[in-house]
Amino acid sequence: MTITRQACVLMDGADPLRAFRDRFTLPDGVIYLDGNSLGALPKATPARMREVVEHEWGEGLIRSWNTCGWIDAQLRVGEKIGRLIGARPGETLVADSTSLNLFKLLAAALKLRPGRKTILSEAANFPTDLYIAEGLIGLLGQGHRLLAVAADDVSAAIDDDTAVVMLTHVNYRTGRMWDMRQITQLAQQRGALMLWDLAHSAGAMPLQLAALDVDLAVGCGYKYLNGGPGAPAFLYVAERLQGAAAVPLSGWFGHADPFAFEQTYRPAAGIARAAAGTPPLLSLAALEVGVDVMLDAAMDEVRRKSLAQTSLFARLIEQDDFEIVSPGADDMRGSQVCLRHAGAWPIMQALIARGVIGDFRAPDILRFGFAPLYIGYTDAWDAAAALRSVMASGCWRDARYQSRSTVT
Ligand SMILES: Cc1ncc(COP(=O)(O)O)c(C=O)c1O
């Protein structure tokens, strides 16, 4: 059955999340299908940034660490993200970048499983996850290894040498989603720890880290949490592991009493020990605004809309033009639709020139992320129509779309 644009307009009219669109600034004439790379700007962010810069920094100066809640911001915003990912209070902290948090938690995991030498991951994981594991192993020099296998071989590869299984819940290039419950249980039954990278899931779907008894997790602030470019990341450590988990970056912000200026490191109690140095307060303030918007939305509704949008978009794609690499099954798909084509780069450039912004992932993937708070069903329809027109006209073959930028 063909889906008409009018049907999409009606779906938008009945959408319980529709009002959230007005809480974001998006340029006219743009359909933004890249909120899984860099989330859109919440309308409340510029005023909050002005307040932090002009009032809290400009007037409060150093006093604002105490008077404006700066010193607690990592924990405070961490608690809020914890609610989005189904963590218990005291299990989530905003800190550093996702890469650094991976380093910290992988190191802690290896220490918690001293007899085991393997970090197991998926070969198609986001590269920073694999790079960080490589770097850590090199630094430790204790004979650890990174075993990165095909997704379908991960389960069978978990054995009594596996210290930690490190996976990205939703694959960045395909949108394929792991069964978090199943893999977490399997890893734990075989004595390993489970570390999830939630970069493409936090803020896109409900998560139940505590209910699934997940050991460790990290995630990004600048994607579905709409924290702004370079927003700080978050990490999660299950309460039951916090006492024993040693974080290798033993900076003063993770000290039990930073302002005692003791000569030796004494870790703070709880998740606070996972902090290292002074957090970027301006970015943290922007992140808090994005997270607050997200907290107003019912995550079940977000997921329901995301699945409806991704399946709608996939149905509107001309099957002869592309291989659809995202899974068709709802329980295996994140909030993105990924298409394979040898001309993926110029096709995406031609599409961007028409106001539809998605991204390209080397070597041959067009990626369309659906952020249900600000993307409508009509947007999905219009984006698919623009893509069909780019393909039908062949305009993507034009020389101006061929040259590669540094950031794709
Ligand atoms: C799965 C995943 N992990 C990590 C990152 C990035 O980590 P960082 O914030 O350290 O740049 C990304 C970025 O797109 C990602 O997709």
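Could you look through region 115-133, keep only residues that are closer than 25 Å to Ala275 by Cβ and outside any helix (DSSP H, G or I), and pick out the one that is nearest to the ligand (Cβ to nearest atom)? Checking each candidate, the answer is Phe126. One residue stands out among those in region 94-109 that are in contact with a strand residue (DSSP E or B) (Cβ under 6 Å, 6 or more places away or on another chain) and closer than 12 Å to Leu216 by Cα: the one that is surrounded by the most Cβ atoms within 10 Å (Cβ to Cβ), which is Asn101.
One residue stands out in region 216-231 among those that are more than 9 Å from the ligand (Cβ to nearest atom) and within 12 Å of Asn101 (Cα to Cα): the one that is farthest from the chain's Cα centre (by Cα), namely Leu216. Just so you know, in region 92-107 the residues that are within 11 Å of the ligand (Cβ to nearest atom) and not in a loop (DSSP other than H, G, I, E, B) include one that is farthest from the chain's Cα centre (by Cα), and it is Phe103. Somewhere in region 160-175, is a residue at pLDDT 95 or above, out of contact with any strand residue (DSSP E or B) (no Cβ under 8 Å at 6 or more places or on another chain), among the hydroxyl-bearing types (Ser, Thr, Tyr) and under 19 Å from Ala362 (Cα atoms)? No, there is no match, as no residue in region 160-175 is at pLDDT 95 or above, out of contact with any strand residue (DSSP E or B) (no Cβ under 8 Å at 6 or more places or on another chain), among the hydroxyl-bearing types (Ser, Thr, Tyr) and under 19 Å from Ala362 (Cα atoms). Of the strands (runs of 3 or more DSSP E) lying entirely inside region 305-408, the ones with 3 or more residues being open to solvent by less than 10 Å² (accessible area, probe 1.4 Å) and either closer than 23 Å to Ala7 by Cβ or among the aliphatic types (A, V, I, L, M) (or both) are found at 336-340, 365-369. When Ala40 is tested against (1) closer than 30 Å to Leu93 by Cα; (2) open to solvent by 20 Å² or more (accessible area, probe 1.4 Å), exactly one condition is not met: (2). Kindly indicate whether any position in region 65-77 is within 16 Å of the ligand (Cβ to nearest atom), in contact with a Lys or Arg (Cβ under 8 Å, 6 or more places away or on another chain) and either in contact (Cβ under 8 Å) with a residue 24 or more places away in the chain or open to solvent by less than 20 Å² (accessible area, probe 1.4 Å) (or both). No, region 65-77 contains no residue that is within 16 Å of the ligand (Cβ to nearest atom), in contact with a Lys or Arg (Cβ under 8 Å, 6 or more places away or on another chain) and either in contact (Cβ under 8 Å) with a residue 24 or more places away in the chain or open to solvent by less than 20 Å² (accessible area, probe 1.4 Å) (or both).
Scanning region 4-18 for residues that are out of contact with any helix residue (DSSP H, G or I) (no Cβ under 7 Å at 6 or more places or on another chain) and among the aliphatic types (A, V, I, L, M) yields Ala7, Leu10, Ala14.
Identify all residues within region 37-64 that are closer than 19 Å to Ser201 by Cβ and out of contact with any Lys or Arg (no Cβ under 9 Å at 6 or more places or on another chain); write none if there are none. Listed by number, the list holds a single entry, Ala40. If you go through region 153-173 and keep only what is away from the ligand (no atom under 12 Å from the Cβ) and either in contact (Cβ under 8 Å) with a residue 24 or more places away in the chain or in contact with a Gly (Cβ under 6 Å, 6 or more places away or on another chain) (or both), you end up with Val154, Ser155, Ala157, Ile158, Asp159, Asp160, Asp161, Thr162, Ala163, Val164, Val165.
Keeping to region 137-160, report how many residues are of a type outside the set (A, V, I, L, M) and closer than 20 Å to Leu102 by Cα.
6
Cβ-Cβ distances below 6 Å connect the following pairs, each with a first residue in region 201-218 that is of a type in the set (S, T, N, Q), a second residue that is not in a loop (DSSP other than H, G, I, E, B), and a separation of six or more residues or different chains: Ser201/Val170. Taken together, the residues in region 135-152 that are open to solvent by 40 Å² or more (accessible area, probe 1.4 Å), away from the ligand (no atom under 15 Å from the Cβ) and not polar (S, T, N, Q) amount to 10.
The values are calculated or read from the model by the stated rules, or taken from the named source; none is laboratory data. In this text, all values refer to a predicted model and were calculated from it rather than measured experimentally. As a convention, Cβ positions derive from the backbone with ideal geometry for all residues, glycine included, and neighbour counts pool all protein chains shown. Calculation scope for accessible area: heavy atoms of the full protein, side chains included, ligands and nucleic acids excluded. Shrake-Rupley method; radii C 1.70, N 1.55, O 1.52, S 1.80 Å.
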